[in-house]
1. Would you kindly calculate the translational diffusion coefficient of region 2-120, applying Stokes-Einstein with the Kirkwood radius from alpha carbon pairs, for 10 °C and a viscosity of 1.306 mPa s, and quote it in µm² s⁻¹ without decimals?
2. Please give the FRET efficiency for Ile269 paired with Thr84, using the beta carbon to beta carbon distance and R0 = 22 Å, rounded to the nearest 0.05.
3. Kindly rank 210-217, 22-29 from highest to lowest mean number of other beta carbons found within 10 Å of each residue.
4. Which ordering of Met13, Met114 is given by a fewest-first count of other beta-carbon atoms within 10 Å?
5. Could you please rank Glu174, Glu347, placing first whichever residue has the fewest other Cβ atoms within 10 Å of its Cβ?
6. Going by how many other beta carbons lie within 10 Å of each one, how would you line up Phe336, Phe311, fewest first?
7. For the cross-link pairs Lys138/Lys377; Lys138/Lys436; Lys387/Lys432, which exceed 25 Å when the distance is taken from alpha carbon to alpha carbon?
8. Give the distance, in whole Å, between the Cα centre of region 342-419 and the Cα centre of region 176-226.
Amino acid sequence: MRFLDGLCIVFGMLISVEVYRVPLNADYLLLVVLGLLGYLLAAELRGMYKSWPMHGVVEECVHILVIWFGIDMFLLTLGFITETSADFSRLVLIAWMLGTPAAICLFRLTSRWMLVRARGGEISTRVVAFAGVGGATKKMIALIESSPWLGLKVIGVFDDRKPVRIDEAELRLEGDLQSLLSRAHSGEIDIVYITLPMIAEKRIIQIIEQFADTTVSVFVVPDLFLFSLYKASWVSFAGIPVISTFDSPFYGIESWVKRLEDLVLGGLILLMISPLLLIIAIGVKMTSPGDVIFKQRRYGLKGDVVEVWKFRSMTVCDNGDKVVQAKKNDIRITPFGAFLRRTSLDELPQFINVLQGTMSIVGPRPHAVAHNEQYRKQIRGYMLRHKVKPGITGLAQISGYRGETDTLDKMQGRVDHDLEYIQNWSLWFDVKIIAKTILVGFIGKNVH
């Protein structure tokens with residue numbers, strides 16, 4: 001796949017310059033090299049070259065498009081900064097930037113189609129059985145059956161426990177574990193997934209020892225109950241596998257990538273919106289008495305208190321132990337402030353916070369200290385959203401959780417989306433959130 005992706009990028013440029021009869025000089029070759037290296041590195045980080053993924057075709061193509069157009073934006077920005085964009089043919093660039101991801105997606109689709117055809121013809125198809133019923137059994141069977149390109153064929157579930165336990169999981173029992181072992185000895189089975197609950201440690205060890213006398217590949221699947229707690233994941237500590245339940249994605253190179261994203265994008269955006277900031281500041285000053293900027297104490301990274309900047313939109317500046325959320329027709333909101341809040345323009349000074357390092361462009365929205373102290377007692381995992389810097393926009397905001405949280409369910413939904421963002425963070429995830437914010441994220445029905 002790496003080789004085919006590289007061919008698409010290189011030949012995409014060769015075909016583009018040939019079609020539009022443009023000389024292939026050193027500038028185009030350098031562009032191809034940068035695009036090739038950037039895409040392969042980004043795709044590697046995104047996990048596009050691991051064992052065949054369990055997600056669908058559409059999802060894979062979306063990943064390819066996001067990665068490639070992210071590289072395009074980088075190259076275009078680089079050309080603008082170095083003042084070299086005029087050296088390239090616009091038609092060639094458009095053809096290359098649009099044709100390359102189409103070709104990559106086509107190769108991926110073709111590869112999957114060929115694998116499905118090969119698997120359908122019983123080529124390299126492996127027979128799978130499940131030993132025991134646990135939290136992961138039903139989900140794994142559904143994934144395998146919906147992914148024919150994996151070349152896996154499930155023959156059933158085997159368990160010694162009472163049928164009522166199996167019926168609760170809505171799975172059909174093929175036999176007991178002794179019959180599974182007999183079929184493994186006869187060569188009918190290639191892979192066994194042990195999906196017993198982790199509390200059955202002795203039984204799991206016994207099954208592993210029994211299958212050591214066969215040629216079957218055996219995998220132990222941890223109980224999904226443990227992984228459902230705060231979306232836990234596997235990590236390695238000096239070669240020892242451990243389960244991470246509370247962690248931040250921003251350590252090592254990831255923290256540098258995130259900070260570079262904030263500095264570059266934050267600086268460019270702040271430069272572009274500076275005239276707008278001046279106009280709004282004058283509007284705030286002329287329409288109501290008081291300071292132009294309101295600095296509210298909120299929890300930041302690691303729960304440390306930071307000052308978040310906003311254009312003042314109210315006649316009061318609540319910043320103590322009790323902060324009342326803005327409601328519809330709130331008499332504290334000034335007429336000009338109401339406009340700023342509806343359009344989220346009051347949040348623009350937070351790009352200064354981004355450059356200061358107390359906030360990020362994308363992350364969980366910061367709440368007032370008083371609200372944090374209230375909700376941390378009511379929502380499990382609430383404080384985990386502070387394992388990253390707060391953001392100007394986030395996954396919760398583009399998913400409809402903006403503005404007033406007048407019910408506990410609304411705050412729970414916001415926290416769930418914040419934790420999902422932390423668990424699945426990537427540079428491309430940030431790009432998608434920023435793009436969706438620009439399209440639909442500025443105005444919300446619950447923003448007052």
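1. Working: Rh = 15.1 Å.
Estimated diffusion coefficient is 105 µm²/s.
2. Calculated transfer efficiency: 0.40.
3. Numbers: 210-217: 14.5, 22-29: 12.5.
Put in order of decreasing packing, that is 210-217, 22-29.
4. Numbers: Met13 24, Met114 11.
Fewest-to-most ranking of Met13, Met114: Met114, Met13.
5. Numbers: Glu174 16, Glu347 19.
Ranking Glu174, Glu347 by Cβ neighbours within 10 Å, fewest first, gives Glu174, Glu347.
6. Details: Phe336 19, Phe311 22.
Result, fewest neighbours first: Phe336, Phe311.
7. Working: Lys138/Lys377 34 Å; Lys138/Lys436 34 Å; Lys387/Lys432 21 Å.
Beyond 25 Å between Cα atoms: Lys138/Lys377; Lys138/Lys436.
8. Spelled out, the Cα-based centre of one part sits 45 Å from the other.
No value in this document is a laboratory result; all are computed from the given coordinates. This one's a predicted model, so the numbers in the text were calculated from it and none came from an experiment. Positions of Cβ are backbone-derived with ideal geometry, glycine not excepted, and every protein chain shown enters the neighbour counts.
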